[in-house]
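Report on the structure given below.
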Amino acid sequence: MTDEQVTPRKSWGQLLVVSSLIFGMFFGSGNLIFPVHLGQLAGAHWWLAAIGFAISGSLFPLLAIMAVVVTRSDGLLDLARPLGRPVAAIFLILVHLTIGPFFATPRTAATAYQMALSPFMPQRWTTVGMLGFTGAFFIVTYLAATHQGALLKIVGKYLNVGFLALLALVFLVAFLRPMGSATHTPTLTYQTHAMIGGVLEGYNTLDAVALLALSVTLIHAIRGLGYRGQALTKLTAQAGIISISLEVLIYFGLVLLGALSMSQLTLSANGGVALSQIVGYYFNNVGTLLLGVLVTLGVLTTAIGLVSSFAQDFHKLFPKVSYRFWLRVTTGLSFLVANAGLNAIITWSLPVLMLMYPLALALIFLSLTVAHQRHAAVIYRTTMAFTILPALLDMLNSAPAVINEWGPIQTVLAGYHHLLPFASLGLGWLVPALVGFLGSWGWCTLRMRRHVVVPTNEER
């Protein structure tokens, strides 16, 4: 009996629940705060910036889902296998450290604390309050992740419903009573390159990188509903399109919200501050509490997905070490890093994203185009080799001043920006990656043609 023969008939209810699961796993703190700040920066060009943000914050994640679907990979290690198992394992570890305990997972708790508890906490109790809040946050995250059978119910049916209802209320009030018009002058970057600026700002969501890893948890959850084989592939693709479409609408709403706010507010230090000020403008103290609940609900769903995926993939990579052990590792480290504070996490995450995003996008593109070709391994390795050096230089360029203002680094970066197209915009990896892909693909195609044996007239 085949997988398809035992697969239950898909219902709209199941499709919407799985869509909600996908949405909840990657719509977290960054997806909420960065678009608002982007709107303040882009001003009258908010719609161009929003398009750019939607490309990197929505289209790229959708392509990541489709890469897993098309290759029928059971996780990131399987997806990156054409690079060779050692390289695939290194890439998996780097991705999970980035979206896990080093940056993304701690950011969920730090953002929730800043918006939910910090406004009500006396200054002298800030450290204790942060410890207590993040400790409770990750205890709840750990308990939810240890009951994977209930994950679909927890994320899909309850947390996302509350999050979306609260966000809809904010949009309703803000757009019925706008602060003003979105006509103020954009900041320098967004005067000439608003769309590219939006694309790079979308890197901060980490979604394209995260979904390469989160697919493990997603596939396990859908299999729990009884789906296998082609039916699983089809349901995942449909649910991904639905969840990504909803995200695009939310992004445009948040960017516009930020642009409109500049009629009453000054440019904020970050999106968390901006969103807090906007909601406070409309709802006063009640708004502060509302925002805290909204953010906490949103980021908790993301944290559950991140720690579950981390533990599942590391257990697969090191099978002698249990899932629960890796779960304790990632929640414990995330708790420690979260207490460094939101500003420190954001500052140090940007250069890492400038390295990881080009590598992740190259892997997604390769998976969608040449994964099933005979010489896929050669094309994979060549393309990634051409991508990594400019990605490293983009990482250095985005590093804090204590690093990239060193004389020799400045000299190297100046030459890099002068020689490579788009390098000064943070996209210097595009041309080398394309050269590596086309060159290796062409070489492999010619090699295959040379080895084709043409039958003789007698053989015909």
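Scanning region 362-375 for residues that are touching a Leu at 6+ places or on another chain (Cβ under 8 Å) and buried (at least 20 other Cβ atoms within 10 Å of the Cβ) gives Leu363, Ile364, Ser367.
Test Val273 against the stated conditions and say whether it is assigned to a helix (DSSP H, G or I), touching a helix residue (DSSP H, G or I) at 6+ places or on another chain (Cβ under 7 Å) and among the β-branched types (Val, Ile, Thr). No.
Pairs are defined by a Cβ separation below 6 Å, a sequence spacing of at least 6 or placement on different chains, a first member in region 409-430 that is farther than 25 Å from Leu363 by Cα and in the same structural domain as Gly198 (by TED's automatic domain parsing), and a second member that is at pLDDT below 90 and not hydroxyl-bearing (Ser, Thr, Tyr); no pair meets this definition. For region 370-380, the criterion of being at pLDDT 90 or above, of a type outside the set (Asp, Glu) and outside any helix (DSSP H, G or I) is met by at least one residue. Every listed requirement among (1) part of a helix (DSSP H, G or I); (2) farther than 27 Å from Arg72 by Cβ is met by Ala340 save one, (1).
Can you pull out the residues in region 379-418 that are within 25 Å of the chain's Cα centre (by Cα), surrounded by 15 or more Cβ atoms within 10 Å (Cβ to Cβ) and under 25 Å from Ile345 (Cβ atoms)? Answer for region 379-418, where residues must be within 25 Å of the chain's Cα centre (by Cα), surrounded by 15 or more Cβ atoms within 10 Å (Cβ to Cβ) and under 25 Å from Ile345 (Cβ atoms): Ile388, Ala391, Leu392, Leu393, Asp394, Met395, Leu396, Asn397, Ser398, Ala399.
Could you tell me which residue of region 269-295 is farthest from Ser181 (Cα to Cα), considering only residues that are buried (at least 21 other Cβ atoms within 10 Å of the Cβ) and not aliphatic (A, V, I, L, M)? Walk me through how you get there before you give the answer.
To start, the set of residues in region 269-295 that are buried (at least 21 other Cβ atoms within 10 Å of the Cβ) comprises 271-272, 274-276, 278-279, 291-292, 294-295.
Adding the requirement that they be not aliphatic (A, V, I, L, M) leaves 271-272, 276, 292.
Working: Gly271: 19, Gly272: 21, Ser276: 20, Gly292: 27 Å.
Filtering region 269-295 for residues that are buried (at least 21 other Cβ atoms within 10 Å of the Cβ) and not aliphatic (A, V, I, L, M), the one farthest from Ser181 (Cα to Cα) comes out as Gly292.
The values are calculated or read from the model by the stated rules, or taken from the named source; none is laboratory data. All values derive from a computational prediction rather than experimental measurement. All Cβ positions, glycine included, derive from the backbone under ideal geometry; neighbour counts span all protein chains shown.
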